[in-house]
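**Q** Before I ask anything, let me first share the structure, which is written out below as structure tokens.
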Amino acid sequence: MATAKHVAKRVLMMLAGYFVAVLVGLIAVATIYGALSSLPDAPAYFDLMGISPIAALVVPPLGMLIYFLTIMLTGLQTLIFVLIAELFSLRSFWLHMVFGAAAAAAGFVLIWPSAPEDLSPERWADIGIIAAAGLVAGLAYWLIAGREAGFRRSLSLR
């Protein structure tokens, strides 16, 4: 009974961690684009990406659409990474950050399939920005659920 309770607690922590990490990742994307749009020679669409959080706040359905689209695009790969971390009790923060960056970059490739073929500097910048936001999201996940990863209880917890 205690094991089932522990597994149920871990599943709830994983879900809470994921939903918060997606929100933190979206905030990180907007922040990075906003900061980069102030640099000289920044692509013009960086300004639009910096303004997009304001549009999402003014029009809440737009914000919810972006949030749920991000969940759909990153859900499967994140589930795979989280299950690996839980099954092998991987608790390292940098590993969760790398998983977050990989999930975010894979989600970007899903929404923009021609991104890897388009070798323009702007596309590489987009992939780097999305991966950096994934690093932040992975850290947020680790803070909520990753520090105590592991479906199996250790002997010291009894």
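**Q** Any idea how many residues of segment 74-105 are surrounded by fewer than 18 Cβ atoms within 10 Å (Cβ to Cβ) and more than 18 Å from Ala149 (Cβ to Cβ)?
**A** So the count comes out to 2.
**Q** Still on this structure: Looking only at segment 55-64, count how many residues are out of contact with any helix residue (DSSP H, G or I) (no Cβ under 8 Å at 6 or more places or on another chain), open to solvent by less than 100 Å² (accessible area, probe 1.4 Å) and assigned to a helix (DSSP H, G or I).
**A** Start the filter on segment 55-64 by keeping residues that are out of contact with any helix residue (DSSP H, G or I) (no Cβ under 8 Å at 6 or more places or on another chain), which leaves 58-61, 64.
Still in the list and also open to solvent by less than 100 Å² (accessible area, probe 1.4 Å): 59-61, 64.
Subset that is assigned to a helix (DSSP H, G or I): 60-61, 64.
Result for segment 55-64: 3.
**Q** For residues in segment 27-52 being within 16 Å of Ala137 (Cβ to Cβ) and open to solvent by less than 50 Å² (accessible area, probe 1.4 Å), which is modelled with the highest pLDDT? Spell out the reasoning first.
**A** Of segment 27-52, the ones within 16 Å of Ala137 (Cβ to Cβ) are 27-33.
Filter once more, so that each one left must be open to solvent by less than 50 Å² (accessible area, probe 1.4 Å): 28-30, 32-33.
On the way: Ala28: 92, Val29: 89, Ala30: 86, Ile32: 88, Tyr33: 85.
Checking each candidate, the answer is Ala28.
**Q** Which ones in segment 7-26 are buried (at least 16 other Cβ atoms within 10 Å of the Cβ) and at pLDDT below 90?
**A** Answer for segment 7-26, where residues must be buried (at least 16 other Cβ atoms within 10 Å of the Cβ) and at pLDDT below 90: just Arg10.
**Q** If you don't mind, there's one more thing I want to ask. State yes or no: is Val59 at pLDDT 80 or above and within 21 Å of Tyr141 (Cα to Cα)? Can you show your working first?
**A** Numbers: at pLDDT 80 or above: yes; within 21 Å of Tyr141 (Cα to Cα): no.
So Val59 does not fit the description; no.
**Q** Could you tell me whether segment 65-73 includes any residue that is among the β-branched types (Val, Ile, Thr), open to solvent by 80 Å² or more (accessible area, probe 1.4 Å) and part of a helix (DSSP H, G or I)? Outline the logic, then answer.
**A** Start the filter on segment 65-73 by keeping residues that are among the β-branched types (Val, Ile, Thr), which leaves 66, 70-71.
Imposing the further condition that a residue be open to solvent by 80 Å² or more (accessible area, probe 1.4 Å) reduces the set to none.
No, segment 65-73 contains no residue that is among the β-branched types (Val, Ile, Thr), open to solvent by 80 Å² or more (accessible area, probe 1.4 Å) and part of a helix (DSSP H, G or I).
The values are calculated or read from the model by the stated rules, or taken from the named source; none is laboratory data. Everything quoted here is computed from the prediction, not taken from an experiment. Backbone-built Cβ (ideal geometry, glycine too); neighbour counts: all protein chains shown. Note: areas computed on protein heavy atoms with side chains; ligands, DNA, RNA excluded. Shrake-Rupley method; radii C 1.70, N 1.55, O 1.52, S 1.80 Å.
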